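These notes concern the structure reproduced below.
Computed from the coordinates by the stated procedures, all read-outs in this text should not be read as laboratory data. The model shown is predicted, which means the values in this text are computed figures rather than measured ones. Ideal geometry is used to build each Cβ from the backbone, glycine not excepted, and the neighbour counts take in all protein chains shown.
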DNA sequence: TTTATATCCTACCTCTTAACTAGGAATATG
DNA sequence: CATATTCCTAGTTAAGAGGTAGGATATAAA
């Protein structure tokens, strides 16, 4: 199990945006150069961040991206949920009428409870961190 | 991010072993049939479980696998660590003399702390669950 | 108006790896 | 010896991560 580079790059970029004082848009070229990331790859990541309304964009020259709301109002969970997608499967219980493949026929299945607990635990940790505090190094 | 089927299959198989009363070895054929898993794939998983000394094996006819120690002495963390391998990278800090690729030059890097907290949180959750209690449905 | 700089959008590519599959050697039982 | 099992290595395949490429659209400044 590991997080994708999407999460790492996207989170790093969001921290960069959180470090901008006034509402100056920052171009992806700047971020990509600063963080040593492919600019076009970053583009795709930001399309998702925008769709999730975590950032807003300004097109054209001197355009770029800025946070859609105050950094303190954006939790790390919200960011990673967008970048990583929902997590933790348990396919042993057959879906929509299929035969269950595992021997724990009950719902919830015994093994599934492990994934569920992990998911809840991670959500709790990530929801407890916001972008402002992260950028200011308060979690170090 | 998601867990591999190795983790799911391996964990399910370990729960099966935990459900055996006496010290009767269970063959992979039985487990594979019970859990609807490829027997040869399960073999590879069990080679790792054995190397980690979580199970012991008995070769030959009427052989099979059994837990290497009492189920209550085996944490879910130990199992998943073997099956999933260590987790959570942060490659933005250059390793062994490389140039760091991210803009947070400090060690620990600002983003890395997120992965670290997640890792610690997951370890804590998984360490708090043991195979005996899982098998007996105490976490449901 | 023209040029430079951006975001927007879609399609494609390429390599890695997860998830198996295959087949045989070694070992134990009866 | 026949059968059942673990042990071990190598090969296969499909999907997805991690990008690239190229062009359309929008905006600011000269």
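Taking each residue in B:54-62, count the Cβ atoms of any other chain within 10 Å of its Cβ, then average. What number comes out? Intermediate results must be reported in sequence, preceding the final value.
On the way: counts 0, 0, 0, 0, 0, 0, 0, 0, 0.
Neighbouring Cβ atoms belonging to other protein chains average 0 per residue here.
Across A:57, A:72, A:103, mean-square fluctuation computed from a Gaussian network of chain A (C-alpha pairs under 10 Å connected) peaks at A:103. Rounded to the nearest 10 degrees, the angle from helix A:39-51 to the longest Cα principal axis of chain A is 70 degrees.
Below 8 Å, C-alpha to C-alpha, sequence gap of six or more: please give me the relative contact order for segment B:5-135 in percent. Before the final figure, lay out each step's value.
Numbers: 144 pairs, mean separation 37.9, N = 131.
Worked out over segment B:5-135, it gives 29 percent.
For each of A:104, B:3, count neighbouring Cβ atoms within 10 Å of the residue's Cβ, then give the residues from fewest to most.
Values: A:104 22, B:3 19.
Ascending number of Cβ neighbours within 10 Å: B:3, A:104.
Taking the longest Cα principal axis of chain B as reference, the axis of helix B:5-18 is set at about 40 degrees. Relative to the longest principal axis of the Cα atoms of chain B, the long axis of helix B:112-127 lies at roughly 20 degrees.
Convert 4 °C to kelvin, take the viscosity as 1.567 mPa s, use the Kirkwood radius over C-alpha pairs of segment B:5-135 as Rh, and evaluate the Stokes-Einstein diffusion coefficient in µm²/s, rounded to a whole number. It would help to have the intermediate numbers written out before the result.
On the way: Rh = 16.6 Å.
Translational D for this selection: 78 µm²/s.
GNM on chain B, alpha-carbon springs under 10 angstrom: the most fluctuating residue among B:80, B:126, B:118 is B:118.
Taken residue by residue and averaged, Cβ atoms of other chains lying within 10 Å of the Cβ of B:107-114 number 6. Between copies, residue B:52 shows label-point distances of 3.0 nm, shortest first, with the point placed 7 angstrom from Cα along Cα to C-beta.
Distance between the pseudo-spin-label points of residue A:56 and residue A:39 (7 Å out from Cα toward the beta carbon): 2.5 nm. Projected onto planes of every orientation and averaged, the convex hull of the alpha-carbon atoms in the protein assembly as shown covers 17.6 nm².
State, to one decimal in nm and shortest first, how far the label point of residue B:116 sits from each corresponding label point in the other identical copies (label point: 7 angstrom along Cα-to-Cβ). Here the equivalent label points are 3.3 nm apart from this one.
Comparing B:45, B:125, B:76 in a Gaussian network model of chain B, where Cα atoms under 10 Å apart are tied by springs, the biggest mean-square fluctuation is seen for B:125.
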